[in-house]
Structure formats: C-alpha cells, structure tokens
Amino acid sequence: MSIEKIVSLCKRRGFIFQSSEIYGGFGAIYDYGPLGISLKNNISQLWWKEMTQLHENIVGLDSGILMHPKVWEASGHIGAFNDPLVDCKECKARYRADELFEGELGDGDWMKIQCPKCGTTGNLTEPRQFNLMFKTHVGPIEEDSNIAYLRPETAQGIYVNYLLTQNAMRLKVPFGIAQIGKAFRNEIVARNFIFRTREFEQMEMQYFVKPGDDDESMKDWKAKRIKFYDQLGIDSKKLRFHEHGPNELAHYAKEAWDIEFEFPFGWSEIEGIHNRTDYDLARHQESSGKKMEIFDQQKNDRFLPFIIETSAGLNRMMLAVLSDAYWNDEENNRIVMKFHPKISPITAVVCPLVKKDGLPELGREVMDILKPHFKVIYDQQGSIGKRYYRQDEAGTPYGITVDHQSVEDRTVTLRDRDTQVQKRISIDNLVNAINDSMEAY
Ligand code: ATP
C-alpha cells in the first residue's frame with residue numbers, strides 16, 4: 001500500500017488538506033479537515049488521559065510558543081540544533097547529509113558521493129550546518145536584540161516552569177509534567193505527507209526522578225509507552241524499539257530509544273524516549289542564575305532531578321493510525337478505515353431506510369438519544385449500501401438503520417463496519433450495545 005492512497009483518501013474524505021492549496025500549497029504544512037481534527041483530538045485526548053488522569057503524579061501544563069531567547073541559548077538549541085545540509089550543484093537537489101551517508105567522512109570525501117536524484121558524482125557540496133529554528137522579532141522593530149524563536153520542542157516550556165508547578169501542586173519526586181502543543185522546525189527536506197512537516201504537534205511528558213533512579217525509570221517508561229499503542233488499535237507487529245547509537249544521541253541525552261512504526265515508506269520514528277539527565281536544568285540554572293534544585297525537606301537534601309522524557313509526535317502518531325487502519329476490502333470492493341472505535345472521527349451513522357412513513361422522525365429521535373454519548377451523524381441520501389460504504393471509508397464503526405419494523409417495535413439494526421454483520425437491537429439498548437462493542441474491540 002502506498003502513501004499516495006492515504007493522501008488521496010485524506011483529501012477526498014476531509015481528513016487532511018495541503019495548506020493554502022489554492023496557491024499551490026505551502027512549505028510542507030498541512031491543515032486538518034473535519035474528520036482529521038476529530039481523529040487527532042481523539043488520539044491526543046487518549047494520551048492526555050493516560051498521562052494526567054491515570055497517573056496521579058503527572059500534571060498538565062500549557063506554555064507559550066514564544067519564550068525568552070535565553071531559553072534556547074541555555075538549552076543548546078541556538079548552538080547545536082542543526083542539521084547538515086548538502087546541495088547537488090548539478091540538479092539543485094537538497095539533502096540532509098546524515099540521510100545520504102552514515103558516519104564520519106573526511107574533507108573532500110563528499111566529492112565521491114553520488115547524487116541519488118541525477119546520478120552524477122562530484123557535484124555534492126560539503127555539508128553546511130543549518131539551524132532548524134524559525135526566527136521572528138518581538139515588537140515593531142526588526143533588530144538582533146529582539147529576535148525570538150518559535151519553539152522547536154515543547155519540553156523547554158516544562159523545564160522553566162517545573163519548580164513553579166512542583167510548588168503549586170506540592171509534588172514530590174518522582175513526578176511528571178505533560179504538555180501538548182505546536183512545535184516548529186525548519187526542516188531541510190520535509191516529506192512523507194504529515195510525517196515530517198515544519199509545523200507539528202508534540203505530546204511530551206517530562207518525568208523528574210532522583211539521580212540514580214533514572215535507569216529504572218527509563219525501563220518503566222519504555223514499557224508503558226509501547227503498551228499505549230494498543231489503545232490506538234495499532235498492530236503490535238508494526239511497532240518496534242530502536243536504540244540510538246553514539247552517533248545518533250542528541251546533545252542532551254545519556255540514553256535514547258525510538259518507538260518506530262512500519263509506515264508505507266519504511267520503519268520510522270513516532271516517539272522518542274530519552275534520558276536527558278540533569279542537562280537542561282543545570283544549563284538553565286547556570287544561565288538564569290536561579291536555583292533549579294528540588295528541596296527534600298525530610299532529608300534536608302537539595303538536588304537537580306534527572307529527566308526521563310517521552311516525546312511523541314501527534315501528527316506522526318495519526319499517520320501511523322491512518323496507515324494501519326487502511327484496508328482495501330477487495331472482496332466487497334470497498335475501502336475501510338479500520339480505526340479503533342474509541343478514536344474514530346464519527347462513532348455511528350443513523351440512516352432511515354426511506355424518507356417517508358415516519359422513518360426520518362424516528363431516526364431523529366435515535367440521533368437525540370445518541371448525541372450526548374457519541375459523535376453521530378444523520379444520513380438519508382442515496383441507497384443504504386452507498387451510505388454505509390461512504391462511512392466505511394470515513395472509518396465509522398457503527399451503522400444504524402431505521403426501517404419499517406422500527407416504527408412498530410422500536411428496534412433498529414446495528415451494523416458492524418468490519419464484518420458488515422447486522423444485529424437487531426432495541427432503541428433503548430443502543431447506547432449500551434455500542435459501549436459494550438467499543439470495549440470488546
Ligand atoms: P527525526 O529524527 O525524525 O527528525 P527527532 O529525533 O529530531 O526526529 P525528536 O526531537 O525526538 O525528533 O522529537 C520527538 C517527536 O516529535 C518525534 O518522535 C516525532 O514524532 C515528532 N517530530 C519531530 N520532528 C517532526 C517533524 N518535522 N514533523 C512531525 N513530527 C516531528
């Protein structure tokens with residue numbers, strides 16, 4: 001299955017549109033249509049619940065996208081958040097050097113590498129370091145003294161607020177702070193649809209532990225995070241861990257693991273789990289001159305906690321869900337998006353069989369019963385088969401048909417998207433039946 005099929009379905013069915021399409025699109029930015037925002041929200045709500053509701057010692061935060069520029073100096077992003085850029089002088093193709101060649105190359109060795117696009121050798125430039133942060137200016141005058149950056153990760157907003165949060169919520173280590181928000185990276189080569197974009201959303205949780213407890217905590221979070229993907233209904237065979245080797249480790253990390261998914265274009269990272277040590281807090285302490293240590297009253301002890309970070313890309317997670325759900329049901333000549341019912345953009349469609357004989361009125365009554373519980377839509381257009389196939393493509397797990405028997409005995413049929421099996425169910429029992437089926441999925 002190719003990524004193009006997903007791109008085309010996403011556009012056709014209102015999941016994802018190219019930004020500013022009427023102007024030819026813009027710089028690997030995407031907009032989320034009605035079904036896309038619903039799916040994305042459902043995924044992020046599961047994550048938020050998992051972190052801040054199911055863990056008593058994890059709290060939420062929403063920090064600004066723009067922050068004091070000193071934050072990025074201290075964190076090392078101004079100096080080191082670079083990718084090596086290589087150009088082909090012949091065909092003008094642009095690459096990230098680390099994607100063309102792994103490991104170290106000596107001076108001039110680039111001249112021996114072949115350009116994958118035009119096939120010539122000797123035309124690649126030496127790699128130049130390119131900082132990925134977007135710059136802007138705060139205030140009306142554009143000068144160097146008021147440069148600000150769009151955050152390239154949400155983590156720093158957590159670090160600079162961590163003591164305020166800890167005090168306000170009276171937290172004791174170990175504790176975590178979770179945040180969902182936009183991040184921006186001026187990627188050299190943005191590609192693979194919403195996999196690598198210049199504006200994206202991160203779901204990050206920073207877990208503060210005693211130094212020495214970090215290795216154990218890392219193990220614990222690796223196990224918890226991979227398990228989370230069950231809730232999204234993702235096939236576990238398409239998930240794996242990848243450990244960062246010495247050449248891959250970020251400037252702040254002691255140990256790092258990626259959770260990778262087998263996308264149509266190959267295995268790639270969805271989420272990173274990093275042991276960031278006390279690197280960030282130590283840097284902020286030094287740079288701001290403010291103590292960043294935790295005070296343990298009982299032991300009269302002060303220390304800088306170590307941080308285990310779990311950092312997931314919401315858009316990448318959604319692309320994994322979309323890729324995993326796509327099913328070409330050749331036997332029945334239909335495309336089905338087999339989303340887990342708990343994250344489907346629409347839970348059920350209500351279809352009166354015909355537009356007369358009191359069926360639309362009863363259909364509307366069924367809508368009113370279901371609306372407080374689920375996202376439901378009403379559809380009375382076209383043949384019943386066509387209506388169902390439209391919803392199969394949108395990933396709607398349940399189809400409810402109101403027919404002539406419904407008016408007599410207040411029962412409806414409930415159709416299962418994947419098996420297409422229909423059961424007769426009393427209207428009064430519909431909410432329970434749907435809930436039970438979602439739980440059993
Ligand atoms: P990559 O190696 O793919 O550039 P990364 O290792 O730099 O990613 P992290 O800095 O660990 O990524 O960021 C955490 C998560 O944020 C990633 O696992 C990914 O899901 C998401 N992410 C990072 N960059 C992008 C991007 N350009 N577009 C979409 N999601 C991204």
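The values are calculated or read from the model by the stated rules, or taken from the named source; none is laboratory data. None of the values given here were measured: they were computed from a predicted structure. As a convention, Cβ positions derive from the backbone with ideal geometry for all residues, glycine included, and neighbour counts pool all protein chains shown. Each accessible area value is taken on the protein alone, full model and side chains, heavy atoms only, with ligands, DNA and RNA left out. Shrake-Rupley method; radii C 1.70, N 1.55, O 1.52, S 1.80 Å.
Here are a few things to note about the model shown:
- Those Cys residues of the chain for which no other cysteine Cβ falls under 4.7 Å: CYS10, CYS351
- Viscosity 1.002 mPa s, 20 °C: Kirkwood-radius Stokes-Einstein D of the range 1-154 over Cα pairs, µm²/s: 107
- Its Kirkwood hydrodynamic radius, worked out from the mean inverse distance over all distinct Cα pairs, puts the range 142-274 at 17.1 Å.
- Packing-based ranking of 174-186, 212-224, 428-440 yields 174-186, 212-224, 428-440, ordered from highest to lowest mean Cβ neighbour count within 10 Å.
- Taking all Cα-Cα distances within the range 249-394, those exceeding 21 Å account for 67%.
- Rounded, prolate or oblate (a/c below 1.5 giving rounded, otherwise prolate when a/b exceeds b/c) for the range 82-131 by Cα gyration tensor: oblate
- In Å², nearest 10: area of ARG128 left accessible to a 1.4 Å probe: 120
- Whole-percent carbon and sulfur share, accessible surface of the range 82-131, 1.4 Å: 47
- Apportionment of accessible area to carbon and sulfur, the range 346-440, percent (1.4 Å): 50
- Listed values for the range 38-49 are Karplus-derived 3J(HN,Hα) couplings in whole Hz (6.51 cos²θ - 1.76 cosθ + 1.60, θ = phi - 60°), namely 5, 5, 4, 4, 4, 5, 5, 5, 4, 5, 4, 5, and x replaces Gly and Pro.
- What the chain shows is 49 Å² of accessible area per residue, with the surface traced by a 1.4 Å probe over protein heavy atoms.
- Backbone HN-Hα couplings from phi across the range 208-214 [Karplus 6.51/-1.76/1.60, Hz, Gly and Pro as x]: 9, 10, 5, x, x, 8, 5
- Approximate spin-label separation LYS238-PHE17, in nm, with each point projected 7 Å along Cα-to-Cβ: 2.7
- Restriction of the chymotrypsin sites (Phe, Trp or Tyr not before Pro) in the range 228-308 to DSSP coil positions whose beta-carbon has at most 16 other beta-carbons within 10 angstrom yields PHE265.
- Shown in residue order for the range 228-233 are the 3J(HN,Hα) couplings computed by the Karplus curve 6.51 cos²θ - 1.76 cosθ + 1.60 at θ = phi - 60°: 3, 5, 4, 5, 8, x Hz (x for Gly and Pro).
- Against the chain, whose longest principal axis is taken from its Cα atoms, helix 3-12 shows a tilt of about 60°.
- At 0.890 mPa s and 25 °C, Stokes D of the range 229-309 from Kirkwood alpha-carbon radius, µm² per second: 161
- Nearest-ten-degree value, helix 314-325 long axis tilted from longest Cα axis of the chain: 40
- Calculated log₁₀ intensity ratio I(q)/I(0) where the Debye formula runs over C-alpha points of the range 9-73, q = 0.20, 0.25, 0.26 Å⁻¹: -0.90, -0.97, -0.99
- Summarised as an ellipsoid, the chain has semi-axes of 45, 30, 20 Å, derived from the eigenvalues of the Cα gyration tensor scaled by 5 and square-rooted, with the largest first.
- Angle between the chain longest axis and helix 430-440 axis [Cα atoms, degrees, rounded to 10]: 40
- With the Kirkwood sum run over all distinct C-alpha pairs, the range 346-440 has a hydrodynamic radius of 13.0 Å.
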